[in-house]
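The values are calculated or read from the model by the stated rules, or taken from the named source; none is laboratory data. The shown structure was predicted, so the numbers you read here are calculated from the model rather than taken from an experiment. Because the Cβ atoms are built from the backbone with ideal geometry, glycine has one as well, and the counts that use them run over all protein chains shown.
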Amino acid sequence: MSTSVTTQGPTPTGSGLEAPSRIARIQARLDSVAGSAFIMPAVLVVLLLSIFPLIVSLYVSLTRLQFVKGGFQLTFVGLDNYAKLVVGIDKDHFLGVFSNPAPIGWLLFGLVVVWLAVWLARFVRGPNFSIGGLVSRLFSGLVISAGAWLIARTLSPEGRPGTVVVTLIYVFTGLVVQYVLGLCLAVLCVQQIPGRRFFRVVFLLPMMITPVGVAYLFRMLADTSKGPFYPVWDMLGLSNTSWATNAWSARAAVMIGDIWQWTPFMFIVLLAALESQSVEAIEAAVVDGANRWQIFWAITLPGILPVSSTLILIRMIEAFKIMDLPNILTNGGPGTATESLTLHAYTIWRTLDIGGSAAVAYMLLFIVTFVGVSYANEIRRRLSEA
Amino acid sequence: MKQIIAKAFAVATVLTLVLAACATPTPQTVIQTQVVTQVVAGTPVETIIEVTAPPATEAPQQYEGVTINVLTFTGPQIAEPLQRRGPEFTARTGATINVATVPFSDLYQKALTDFATGTNSYDIIVFDPQWMGDYISAGYLEDLTDRVNANKELEWEDIGPFFRDFSATYEGKVYTVPLDGDFHMMYYRTDLIKTPPATWDEYIALAKEFQGKDLNGDGKEDFGTCMAMKRAAQSYWFITSIAAPFIQTQGTGEGAFFDTSNMQPLINNAGFAKALDIYKTLSTLGPPDQLNLDVGDTRGLFTSGRCAMSLDWGDIGPLATDPATSTVIDKVGAAIMPGTKEVLDRATGKLVPCDDKTCPYAIDGVNHAPFAAFGGWSGAINAASKPEVKDAAFDYLAYVSAPAQSNVDVTIGKTGFNPYRLSQFLNREQWVKSGMSAAAASNYLGAIEGSLNSPNMVLDLRIPQNAYYQGTVLDTAVAQFLAGELDAAATMKQIEDGWNQKTDELGRDSQLAAYKASLGVKK
Amino acid sequence: MKLWRQKQSIFTPSPVGLITTYLVLGVWAFVVLFPLYWIVITSFKVPIDVDGGPFYVPFVDFKPSLHAWQYILIGDLQNDTFRPYRNTVVVSLISSTLALFLGSTAAYALTRFKYHPRVGTILMFIGCVVLSIIAVTLGAPWQVAVAVSIVLFLILLQTVARRFKRALANHDIAFWMISQRMLPPVAVVIPIYILFQRLGMLDTWPALIIAYVGANLPIVIWLMRDYFQSIPIELEECAAIDGASRYRTFWSIVLPLSLPGLVATFLFVLVFTWNEYLLALFLTNANAQTMPLTVAAQNATRGPQWWYMSVLILIMIVPVIGMAIALERYIARGMLIGAIKG
């Protein structure tokens, strides 16, 4: 691969006085390819296991599977599988049922549009204007407003959110709660109190359990007739209702399980970040008379911002793939209420409609890529400005 | 510190290598002891049962060195007897049996993917005979007609004619060996209900009467009815059980899913609408989380005495006699599925009262249509396996299904095998030996026989891609209906559209031909 | 640079602060530990005790029994527990080590070398991969297709690719790596299944190991990259002056310095592969089955066998928790994820 590699950092030199021996020459030769040697194995493995399936999956999403004598056959059907999701028979399942937004829906949608317009305008007037940049920003703006419109129309009183919107709800609610919780716990744990090691170890535990196990665990816990919370339900007078029959309570159950399992991830990373922050700035602030809140907002938080943004990106990418919890807790919920995109793809795949399943998976890929890339670009821009 | 890490790493590596060197355990060919734990007076007591294999023949073992790989779903149902009978068969013939299991919802695609990609890791699949259409039309299953006729131990004629035809025969040829028989039945508490309900209206009335009362003496409120309404579980069979008596009246050949003249779904009509209404009502007369219960949960609830009535396959009968899990021993009755006095007139799409013309098979004016849900687990052989493996595999299936083994297994609830052989119905003794009282055995077997012999029995859907029709379209729409996401009209339309689209995709004529062929089974 | 680790009086909270701290931490510790306690006691319950309603305290509410433990560890299921457990241990350890090694070399390279992969080259490469896939689908033997596409690629490289000058930078490579995680597993599972099936590697350890290495490399690279960035370059320059090669420098100087990061990353990746379900479901049958499949398999038609499942979950997490406790101090020191640098 004709990548051009410029090495940064130390280049080995001999002592200069002796004539370069054969070994030194071989060593120099090896060193000159060190750049490639270090990175190529990883790149090759990832390429093999990602480019190949990606392309094959794309092709499969444009076909329909049929069983024929001795094997199977993939018949090309063009964008049929995608059409089914967006305008066809699966539209209600995938996108949701539309109806007029509630007033608050209109308001939020309006705010989003206004904010996008301002953002675009600032870019046009700004110093870095370029056609390419404008086009990409217009595209992003379009996608974001389409998403906002989708959310406003399906979360309205008469509407019903499809798997796209449900997945978005899971991801963003989960992220926010996990981050805030993780940060609180990390801030508390970083203090010099006896027993912090105990807490640190204990808080790590939920992440260690296999996700399938966590899902079954929560199914056990959430069972209102056999589970440990039965007396609590009874006391609240809820023993005749079940969280599993109401769409939002079922979604809440899934989110609770997700938060329980993944807050440790946020916690441990933020804890490490906090612990490695330099203390001098804080000492100086204390000397200047700042109280704890001001220190937190002005010094600590900006200090861990780089770490937080990476953390949120990683967690966000993983969160889009949520499947075990909705699958095992409710098999997709009352109706389709808790079904996430991956679960949607999985249920289609179980009847071996792999074309349809690949189409859903690709839609998920588009969404995740869009959100991930926009987020990463935004963060990089802010950090390079900072 | 670096040294400690290095040492730990070395230890881990050595450990890994040692574990890696451990070969898979060699198959046992000796007598197997089985430890059965029963709860006697509250304390688990272990009894050791020696399961002796039949005496090995002196001649060199017939299938020495042959390994048979079996795929089924995760037990203990079905998988347990297959695993238990393995060593016995090995002692007899020298063949090794490996049973692999996957969760039920993955079984269909796992087996099909294995065959379709030519991997062929499995020689036997023990599966749902409804799926036969997909497997056979692609040529994956071995034709067993000749072997079945040649094997005397199997006692093919002893298998109920219905199961011989529906679960085993496709287009005139035999492709599977039935291991189990499946029918939906209604179970009720004999200490609470004297006469089982004959119609759905009576069922609802009784459920209302018992909902909220304490039925097992533990002080908690209990439930009128328990049904498995969970999505992606067994719900789509139960809605068919409820709808069947409305829709099918003229006998099995009339069909309950599609119109046999044009393959139109029999969904968008007053009969199915009434069935949906009943299903919705029943969802309010049971446990509060009934929408999230699958058949395992409802069985547990019924056997711990918390339900007055339940619908299920044949499992509750033997399960209710197991002292380890049941508190309702000898208090359980079984009966044919409730029917209806009003049936669907297919021409007009409206409900009409039952009379001689509209309900020729009515019993006391009530049209019953017992649903042979699922068919019954059957074993099929991979057409691409090696010839000697196929022979051994067939002998193994014949062994497990033979009366000597099968008649014992159907009396044990844990095996998941329900009666399907005439000898199992006629011979009450083995049931009594297993713990049922004579009266309960008569009642239970009588209910199955009544369903089996009914001329208006409903066959389960056995056309290509039935998994899509039932498991995806019907199941999702009914789940959405129960959750209130769709009303009855929208539900029926969604099912109809989904079914029609798939039928058109696969070819209306070929689907119609397959449907008619599956209905043409003898009784 | 003084760090928080050192005792500072301003970081010991006031009595009121202390109480609130312990309150909050205690509540969350309860939230974490109660479900685990529930699993432990469920593993000692007989079925009637599980179905009959919640019983909380052994010996007081219910009589604990060892039947589930016996069944899983000693009785019928013995072969079906030991084999998956062994498979999980072997596959996780090997794939985590491999991923760690490959990933940290790549991460180190991303911080010390500047790469400029040309867009043209990349597109050529993808084009050749597509061509070889099409060839294989149309029936050509894969060895031939791969060989031909490699030759084609090299030829194109020398001729056409030179025209396209536009190049990417290190952070693009890094982002491409992490974007691999965006791929929903459901989408890639069938192609990977077919890939391994053609190679005859289904239901073997190497298949799982390769798949897991590929899946986890991006995480290793992202976690280690920023850690390596914090190691001062002067040390390596000194080594170079002394005549050490790049490889030697990496092995003897950089790696030991980054031990906490390596350990922490190893633990993360180990946990991911230990608990992974979907790829294992697809790529294994009976021989290479791993523990998460066994846990999921306890959901029989008779309802989840909670008691067996609890035992299986416990034997799965105990080793991981043991390792986590032992290595806990490394985790904190090791998780220094820095900025997303340009």
For this session: Mind listing whichever residues of the stretch B:205-258 are more than 16 Å from B:Leu293 (Cβ to Cβ), hydrophobic (A, V, I, L, M, F, W, C) and not in a helix (DSSP H, G or I)?
Result: B:Leu215, B:Ala256, B:Phe257, B:Phe258
For this session: Scan the stretch C:175-192 and give yes if some residue there is at pLDDT 80 or above and more than 9 Å from chain A (Cβ to nearest Cβ), otherwise no.
Result: no
Exercise. Would you say A:Leu175 is away from chain C (no Cβ under 14 Å), modelled with pLDDT of 90 or more and under 23 Å from A:Leu365 (Cα atoms)?
Worked result: yes
Exercise. Within the bounds of the stretch A:261-277, is there any residue that is surrounded by fewer than 16 Cβ atoms within 10 Å (Cβ to Cβ) and of a type outside the set (Ser, Thr, Tyr)?
Worked result: no
For this session: Would you mention how many residues in the stretch B:363-398 are surrounded by 23 or more Cβ atoms within 10 Å (Cβ to Cβ) and among the hydroxyl-bearing types (Ser, Thr, Tyr)?
Result: 2
For this session: Can you confirm whether the stretch B:431-454 contains a residue that is touching a Phe, Trp or Tyr at 6+ places or on another chain (Cβ under 8 Å), surrounded by fewer than 20 Cβ atoms within 10 Å (Cβ to Cβ) and in contact (Cβ under 8 Å) with a residue 40 or more places away in the chain?
Result: no
Problem set entry | Close pairs from the stretch C:317-329: first free of Cβ contacts under 8 Å to residues at least 40 places away in the same chain and under 13 Å from A:Ile209 (Cα atoms), partner buried (at least 17 other Cβ atoms within 10 Å of the Cβ) and not polar (S, T, N, Q), Cβ under 7 Å, at least 6 apart | C:Ile317/A:Met208; C:Ile317/A:Ile209; C:Ile321/A:Leu205; C:Ile321/A:Met208
For this session: Quick one: which residue in A:Gln294, A:Gln277 is over 25 Å from C:Asn216 (Cβ atoms), at the interface with another protein chain (Cβ under 8 Å from one of its Cβ atoms) and polar (S, T, N, Q)?
Result: A:Gln277
Problem set entry | Of all residues in the stretch A:187-201 being in contact with a Ser or Thr (Cβ under 9 Å, 6 or more places away or on another chain) and within 12 Å of A:Leu271 (Cα to Cα), the one that is surrounded by the most Cβ atoms within 10 Å (Cβ to Cβ) | A:Cys189
Exercise. Since B:Ala275 meets every condition but one in (1) away from chain C (no Cβ under 14 Å); (2) without any contact (Cβ under 8 Å) to a residue 40 or more places away in the chain; (3) in a loop (DSSP other than H, G, I, E, B), which condition does it not meet?
Worked result: (3)
Problem set entry | Pick from the stretch C:113-169, criterion over 22 Å from A:Val46 (Cα atoms) and basic (Lys, Arg), ranking: modelled with the lowest pLDDT | C:Arg162
For this session: Tally the residues that are of a type in the set (A, V, I, L, M), crowded, with 16+ Cβ neighbours inside 10 Å and more than 9 Å from chain B (Cβ to nearest Cβ), restricting the search to the stretch A:223-255.
Result: 3
Problem set entry | Selection status of C:Thr249, among the β-branched types (Val, Ile, Thr), facing chain A (nearest Cβ under 9 Å) and either within 29 Å of B:Asp106 (Cα to Cα) or buried (at least 23 other Cβ atoms within 10 Å of the Cβ) (or both) | yes
For this session: Determine the pairs where a residue that is more than 8 Å from chain A (Cβ to nearest Cβ) and touching a residue at least 60 places away in the same chain (Cβ under 8 Å), located within the stretch B:479-506, has a partner that is outside any helix (DSSP H, G or I) and aromatic (Phe, Trp, Tyr) with Cβ atoms under 9 Å apart, the partner being 6 or more residues away or on another chain.
Result: B:Trp499/B:Phe257; B:Trp499/B:Phe258; B:Thr503/B:Phe258
Exercise. Are there any helices (runs of 4 or more DSSP H) wholly within the stretch A:196-294 with 2 or more residues that are in contact with a strand residue (DSSP E or B) (Cβ under 9 Å, 6 or more places away or on another chain) and under 24 Å from C:Thr42 (Cα atoms), and if so which?
Worked result: A:211-222
For this session: Return yes or no: is B:Ser510 more than 14 Å from chain A (Cβ to nearest Cβ) and among the small types (Gly, Ala, Ser)?
Result: no
Seminar exercise, completed: Inside the stretch A:337-386, the number of residues satisfying the requirement of being among the basic types (Lys, Arg) and under 26 Å from A:Ala215 (Cβ atoms) is 1
Problem set entry | Yes/no for C:Ser132 being assigned to a helix (DSSP H, G or I), in contact with a helix residue (DSSP H, G or I) (Cβ under 9 Å, 6 or more places away or on another chain) and in the same structural domain as C:Phe266 (by TED's automatic domain parsing) | no
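Listed here are the residues, each with its yes/no results for (1) more than 18 Å from A:Glu378 (Cβ to Cβ); (2) small (Gly, Ala, Ser); (3) more than 14 Å from every other protein chain (Cβ to nearest Cβ).
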residue: A:Val97; (1), (2), (3): yes, no, no
residue: A:Trp119; (1), (2), (3): no, no, yes
residue: A:Phe123; (1), (2), (3): no, no, yes
residue: A:Gly132; (1), (2), (3): no, yes, no
residue: A:Gly147; (1), (2), (3): no, yes, yes
residue: A:Thr163; (1), (2), (3): yes, no, no
residue: A:Val187; (1), (2), (3): yes, no, no
residue: A:Ile193; (1), (2), (3): yes, no, no
For this session: Go through (1) closer than 30 Å to A:Trp149 by Cα; (2) buried (at least 22 other Cβ atoms within 10 Å of the Cβ) and name the single condition A:Leu217 misses.
Result: (1)
Exercise. Taking the stretch A:330-355 as the search range and keeping residues that are in contact with a strand residue (DSSP E or B) (Cβ under 9 Å, 6 or more places away or on another chain) and more than 11 Å from chain C (Cβ to nearest Cβ), which one is nearest to B:Thr113 (Cα to Cα)?
Worked result: A:Asp353
For this session: Would you mind listing the helices (runs of 4 or more DSSP H) fully within the stretch B:87-173 where at least 3 residues are within 21 Å of the chain's Cα centre (by Cα) and touching a residue at least 40 places away in the same chain (Cβ under 8 Å)?
Result: B:104-116, B:132-137, B:161-166
For this session: Tell me, please, whether a residue that is more than 14 Å from chain C (Cβ to nearest Cβ), of a type outside the set (Ser, Thr, Tyr), in a helix (DSSP H, G or I) and in contact (Cβ under 8 Å) with a residue 60 or more places away in the chain can be found in the stretch B:280-287.
Result: yes
